[in-house]
Structures are given as C-alpha cells and as structure tokens.
1. Given a Förster distance of 35 angstrom, what is the FRET efficiency for B:GLU47 paired with A:ASP179, based on the Cβ-Cβ distance and rounded to 0.05?
2. For B:HIS97, B:HIS174, A:HIS17, which order do you get if you count the other beta carbons within 10 Å of each Cβ and list the fewest first?
3. Expressed in nm to one decimal, what extension gain is obtained for the pair B:ALA65 and B:GLN253 from 0.36 nm per residue of sequence separation less their Cα-Cα distance?
4. On each of the three principal axes of the Cα atoms of chain B, give max minus min coordinate, whole Å, ordered largest first.
5. Just name one of A:MET153, A:LEU43, A:SER61: the one whose Cα is farthest towards the positive end of the charge dipole of segment A:4-213 (beta-carbon charges, Lys/Arg +1, Asp/Glu -1).
6. Holding the Cα-Cα limit at 24 Å, pick out from B:LYS29/B:LYS129; A:LYS73/A:LYS106; B:LYS21/B:LYS257; B:LYS92/B:LYS160; B:LYS21/B:LYS198 the pairs that are longer than that.
7. At q = 0.09, 0.13 Å⁻¹, what log₁₀ I(q)/I(0) does a Debye calculation on the Cα points of the protein assembly as shown give, no solvent, two decimals?
8. Mind checking the log10 I(q)/I(0) for segment A:98-194 at q = 0.11, 0.14 Å⁻¹? Debye, one equal scatterer per Cα, no solvent, two decimals.
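What follows draws every value from the coordinates through simple rules; no lab data is involved. A quick note: this is a predicted structure, and the numbers were derived from the prediction, not measured. No Cβ is skipped: glycine too gets one built from the backbone with ideal geometry, and neighbour counts run over all protein chains shown.
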Amino acid sequence: MGMTIGVLALQGDFAEHAWMVGELGARAVEVRRAEELELVDALIIPGGESTTVARLTVGQSDRLFDAIIERAKEGMPVYGTCMGSIFLAREIEGSAQGRLALMDIKVRRNAFGPQRFSCERELAVPELGSEPFPAVFIRGPVIVSCGETVQVMASVPEGIVMARQGNLLVTAFHPEITDDTRVHRYFLSMVAEAGASKESRFPRARISVEALAGR
Amino acid sequence: MVTKAQTAGEGKARTGTELVKRALPQMLKGGVIMDVVTADQAKIAEEAGAVAVMALERVPADIRAAGGVARMSDPELIIEIIEAVTIPVMAKVRIGHFVEAQILESIGVDCIDESEVLTPADEECHIDKRKFSIPFVCGARNLGEALRRIGEGAAMIRTKGEAGTGDVVEAVRHARSILGEIRRLSIMPAEERMTYAKEIGAPYELVCEVAESGRLPVVNFAAGGIATPADAALMMQLGVEGVFVGSGIFKSQDPAKRAAAIVRATTFYNDPQVLAEVSRNLGEPMFGRTARSLEPAESLATRGW
C-alpha cells in the first residue's frame, strides 16, 4: 500500500500498534518529535496514561502537540485507542488536563472503575461485519456524549466505545493486543481514502471534516 | 449523517482473564512508576507524569533505616491515595502473603507488587497469582526467577535491583542477566531447552515460549536503585520497558522536578540532548548507600525463591 503510519511513541503500547500495522503491510514509524510527524500519512495514538502524555507534550518546547493539531485539521487520519481517545476529546468529564481537543466527544475516564473491572467482551461493530469484535477494556474510558457529525460505531451499557468523526477514529478498547486486525484495517482504509482524495502526495491537502463525516 | 444509538449487542464481560491482567502493564510501558507515601505525594507524582504510583507507608530507604518487620500498608492510606489520583495505584504485599493480597484486591488496587522489600511471610512459596482478578508484578534477578513468577501468574516482571540504596548497579546486573539469558536462549538448539529449564528452575513450556519469541511473555520493567534521569535512560537502553523509582524521588531535594525529569528521560532515553537538558539543576539526589556496603542480611534482592 506504500503508506506510512506514525505511532505516537511517548508512552504506552505503541509497539503493539506498530506490529499490527506492519502485519497489514503498511510501514510503521515511531513518532516522538514534530519533525517525525512530517514523515507520516496518518497517526495512531496508543493506549497509555493520558496525564503522562499530556505532561510530555503540552507546553513543551518541541512543537509536536501543535503539529498534531495542525496536521489533523488538514485531514491527516488519526486513530486513538483508549488513552488516545481521551487525548483527542474536546472534553474530559471533570478534568482540565491537557488534550488535543480535536474530536467533538466528551469522555469519562476510568468509566468501568479500577483494574478488577477491566474486561474482555464480544462487541457488535456492524461497520466491521457481523462477527463480533473481541474488545479488551483496560481501565477504559467511554464517550458520554458527542456532536452531530460524530458517527457512533459501537456501544456498551456504560457508553459509546467506538466512534468516527471524519478523519478521526477512536476506540475505548485495545484491538492492538488481540489477533483481530479489522479495526486497524478499517483505519488503513480511511488513510487510503484520505490519500486518494488528494491531488499530490499526502501531506497538506485540505479535506473538510464535515465532508468525510458525511460519507 | 448521524448513526447514533447503535446496537447494544455486546457479550458478557469477562474480568480477570490472563489477557486482561497482562494488558494493564502493557499500557504502562515507556513510563515511570513512583513510590509515594501520602496522597499529596501521589498528586505530585501524577502531575509530574507518572504512569502509576506505588502506595506505601515508607519508601524502601526508610524501611531499611527503620528495621523491624515490614508489612502491607494500612488500607486507609492506600484508599486515600486511590481517591487522590486518576492513574493506576499499586501496593505491596509480603512474599507469600496471599491474605494481604486479598485485602488489596478488595479495596480496588489496580496491581499488586509481591515484593522482597517487605519481610517475606513464606520462605518457600510465593502467592498463587492466577487466583486473583488483578495483575501482580514480581521482582526477578535472572530468567529462571522471572519465569517461575510468570508460571505462578505474574503479569509483569521487574528487576529487583537493590531497593532503597540509590545505587543502580544491581538493577543493571539483573537486567543484563535476564535479557542476556533470553538472547542466549533464543539461539539455543531446541534439544538443549529441557536441560536448560532444569538448570534455571523454570517451567519448560515458558522456556520454549521465550526461546521462540525472543522476549518475556509479560512486560519487564527495571527497579531497585534508580535515582537519576540518566539511571532511567540507562535501564531503558539496556532493554527494559519502563522503570520503577522508589526512594529516588521523594528522598531527593526537589521531588517534583526530579520526577518530571525522570519521566522525560524514560521517553527520550535515546536522546543525549534531552537527557542533558533534563539532568540540569535537579538539586541533590538521594544520598544513597552503595549496594556493596550492605551486609548479606541487609540485601533485599536475595529474598524470593
């Protein structure tokens, strides 16, 4: 496919994402600095601790934080798992912690409680086919509300656990630690779509979030 | 185009599976887990970017100084710390003390450290960690010890190092030992594996698994004597996946600054420029004590079987 997927490698299970991307035939590169972001067609924000990643980005002299926002607003596909979905959210319930605030969702951190309530369960995700997805939730968040242009892709009784808004995709669960590659394949298809809708090589073409969301 | 309110067709939640227990430490990779003794310290650690805190009554340096029997901390203190932060909270139990572990599990601790820093409750057996719904981390000095703990159900391994000394030498020794043995095992002819398993006292199936994957089946952190950003980066360059800092932060002159510096050093462990930048003006590190000056009875790393 020739696409290069960046995996934000500040903290968390970025190696698992990189491995899965590689399995699907795309190139994965670790992103720790703003200049590394320039080399990629898309970005995955892995599982980890959102307060840690905020501390490592917000207000640091490296431009990485601003560069992610800029590229995402220009249409670069971004997929956030668990911590990644918190970091992408416009609003975090009861918290002012640093975040990209790119996606029109409000999240509740640790929505399932402490680790003893972390779980795996079969999740219906119609977009991925009729076979349920083996979703693993690790002290995971849920989306408690979202904007009009957000497409809800899966829910559990506690809230929404998978959603897309244009070039932004989030899951509260961790496909990267399972054998099921369907979510990553779905994301790569978003990346391919974003690439195809541009005239030149990937970076810097403008795709409106609303246009993609309407698809 | 909104397609809200999709199916609620989800299956039954399965908690405490091996996958779920091993996954928590996976999310902590590349991070720093800090010892804290009060809710205020826990907040400082979280603010500095810790991925988790270890809640305890005394840091290892003070446990050494105090002497006497070191036990699980008061649940009241641990609960205060759980309520003070949003990051995972770990706590320690004595080796073999499965009732202390039951208590910690019931109060909502996210991960239990079956730790040689406390006075062992059982000098023959460790806890059967498979019985619990939350993950355990255990210390190890070599591959055999790591695989015995994983065989008992540990979901995370850390080097033992020599806790409470501020001397990184033992953590380096243990990391080199574990990682070196894995490298040698991965090129070992298959017919030598059974004898090797017997020699190091490890379950044969796990020996084969490590030989084929070239890595431990669980996450592997460094612990025991890490006191500076450079120490953390050293352990990361040796090949561990994250670090525990015990006495090194809150026994130093400026804990908040040192904590944040160690967090950055753990992320940018391969970048000497960042390491130089974060190492500047940190104030005095913990005074420490050389691991070599310990009497044999004072070594904590030899606890565990």
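1. The pair B:GLU47/A:ASP179 has a calculated efficiency of 0.40.
2. Arranged by neighbour count, lowest to highest, B:HIS97, B:HIS174, A:HIS17 become B:HIS97, B:HIS174, A:HIS17.
3. The span from B:ALA65 to B:GLN253 would gain 65.8 nm if fully extended.
4. Taking the Cα atoms of chain B, the three principal extents are 61, 53, 43 Å.
5. Final value for the positive-end residue is A:SER61.
6. Checking Cα-Cα distances, B:LYS21/B:LYS257; B:LYS21/B:LYS198 exceed 24 Å.
7. Log-scaled intensity ratios, in q order: -0.62, -1.26.
8. Summing over Cα pairs of segment A:98-194 leads to -0.31, -0.51.
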